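Comments concern the structure below.
The values are calculated or read from the model by the stated rules, or taken from the named source; none is laboratory data. Since the structure is predicted, the reported quantities are computational estimates derived from the model, not experimental observations. Note: ideal-geometry Cβ built from the backbone for every residue, glycine included; neighbour counts use all protein chains shown.
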Amino acid sequence: MPATKKVRVLVVDDSLVFRETLAREIARDPGIEVVATAADPYAARDRILEFEPDVMTLDVEMPRMSGIEFLKRLIPQYPLPVVVVSAVSDSVFDALDAGAVDYVAKPDHKAGRGMDPFISELIVKIKIASTANLAAAKNPGLVAAPLVRVGAAGRNCVIAIGASTGGTEAIETVLRAFPEDMPGTVIVQHMPAVFTAMYAQRLNHSCAVEVREAKKGDRVLPGRVLVAPGGSHMRVKRLNGDYIVECYQGEKVSGHCPSVDVLFHSMADQVGAGGIGVVLTGMGSDGAAGLLALRRSGGRTIGQDERSSVVYGMPKAAFDLGAVQEEVPLGQIARKLITLVHGRR
């Protein structure tokens, strides 16, 4: 049998020690070949032309030109999956806006995050990035949904959204089209704990709805979006006629914490026919079983379609399981949700 093709990687970082360490460690994986390294975007540009890598890892803070500026110039001319390797900061989301597929936080020994888990996470994300549909990121089939107020139709309705790779941008696309009285919405995005609060705050500034990182006991209310904190599962619970969220630490479910399956299963148990579940872009199958449970409980279910998904893994797994009632392009999901809310009996 022919050998599996290795993912060809270009490593870009201004620190010689970190750059060489990174290149050496990820190259230990039999599925990865580091074809070149570069100390800055100018050298990286030359290496891209010379070696034609499949994936590039990129530091954000570099001399001569920032990683974000490099992405803005690079992606339109040379579409290439990029995994950002950065210290913890809001600039990671600027990099994703500029076209990066994913990100990994640099090791922080003070925070108890060493090199081994960092390398393991980076290898996984490099391999996922090599399969990314970059055309989806540039043209997600956007059809702007009107900010039509939902009114009384949204009472006792809860929307749950799950996503992974490519999800930070996909979720923002959906939420930016929500009217300020959209039914209470709960979200699981596979994301490290250090980033979820920054992500929620960023969304809060760009959306008509209130967006916050969830904490135990938060009420699910119209006009409010709760994002599961990284490293904690989140589930919906009915209490005294209201819906609240419970956030708790636990073992990984379907390979993740927070897990989309945990959220969707709680929707099936607690919300039932009043629930709407949405599975967006991402690798793997997290959310498929939970979405099927929600559908069987009478809830409505949506999957992002393949053409607009950066990674059509999670939506496909849910569709193949029979959990998805309708596949919808990313740019039309908010409009579809509003239609479902108004059509509820």
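Quick look at the numbers
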{"read-out": "Verdict on residue 117 being outside any helix (DSSP H, G or I), farther than 21 Å from residue 197 by Cα and free of Cβ contacts under 8 Å to residues at least 60 places away in the same chain", "value": "no"}
{"read-out": "The listed residue being at pLDDT 95 or above and either more than 18 Å from residue 182 (Cβ to Cβ) or among the small types (Gly, Ala, Ser) (or both), out of 298, 241, 231", "value": "298"}
{"read-out": "Subset of segment 161-218 [assigned to a helix (DSSP H, G or I) and among the hydrophobic types (A, V, I, L, M, F, W, C)]", "value": "170, 171, 174, 175, 193, 194, 195, 197, 198, 200, 203"}
{"read-out": "Test for residue 104: is it part of a helix (DSSP H, G or I), under 16 Å from the mean Cα position of the chain (by Cα) and in the same structural domain as residue 33 (by TED's automatic domain parsing)", "value": "no"}
{"read-out": "Residue satisfying condition, being at pLDDT 95 or above and of a type outside the set (Val, Ile, Thr), within set 29, 40, 14", "value": "29"}
{"read-out": "Filtered residues of segment 226-255 (kept if farther than 19 Å from residue 291 by Cα and among the aliphatic types (A, V, I, L, M))", "value": "239, 244"}
{"read-out": "Of all residues making up segment 275-295, the number that are surrounded by fewer than 24 Cβ atoms within 10 Å (Cβ to Cβ) and either at positive phi or modelled with pLDDT under 95 (or both)", "value": "1"}
{"read-out": "Answer residue from segment 181-204, given it is without any contact (Cβ under 8 Å) to a residue 40 or more places away in the chain and surrounded by fewer than 21 Cβ atoms within 10 Å (Cβ to Cβ) and is farthest from residue 338 (Cα to Cα) among those", "value": "193"}
